[in-house]
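Note sheet for the following structure.
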Amino acid sequence: MISGYMITKGFIDRYYGLLLHTELDLPIMALFTVHFGINLKFILARWGIKNGVVVNLVPAIIGFSLFLFILYLDQFFRL
């Protein structure tokens with residue numbers, strides 16, 4: 001999103017925006033899934049779920065499955 005916005009507003013060159021979209025998509029999405037898993041852990045704790053297995057295992061499983069989906073998209077849908 002940031003690189004697309006920067007391309008349309010003219011902050012960066014189109015080449016560097018394309019580079020961000022194609023080469024750095026996997027590390028950026030990996031960091032996003034880690035961020036999502038950590039926040040999901042806090043959400044479960046806020047909802048009152050105190051079971052340590054659930055609070056630790058559910059975000060890990062969801063984060064890992066999201067990352068596998070991202071890897072699938074990255075490997076099989078190349079330009």
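Points worth noting:
- Over the chain, volume per residue of the alpha carbon convex hull, in Å³: 93
- Using the average count of surrounding beta-carbon atoms within 10 Å as a protection proxy, the listed peptides 26-33, 46-53 rank, highest first, as 26-33, 46-53.
- In a reduced charge model with +1 at each Lys and Arg Cβ and -1 at each Asp and Glu Cβ, the chain shows a dipole moment near 340 debye about its Cα centre.
- Working note: 222 nm ellipticity from helices only, DSSP H runs with n ≥ 4, each -39,500 (n - 2.57), summed and divided by the residues of the chain, gives -27000 deg cm²/dmol to the nearest 500.
- 3J(HN,Hα) along segment 34-46: 5, 4, 5, x, 5, 5, 5, 4, 5, 5, 5, 5, 5 Hz, from the Karplus curve 6.51 cos²θ - 1.76 cosθ + 1.60 with θ = phi - 60°, whole Hz, x for Gly and Pro.
A short reminder: the numbers here are calculations on the coordinates, not readings from a lab. Being a predicted model, the structure only gives us computed values, none of them experimental. As a convention, Cβ positions derive from the backbone with ideal geometry for all residues, glycine included, and neighbour counts pool all protein chains shown.
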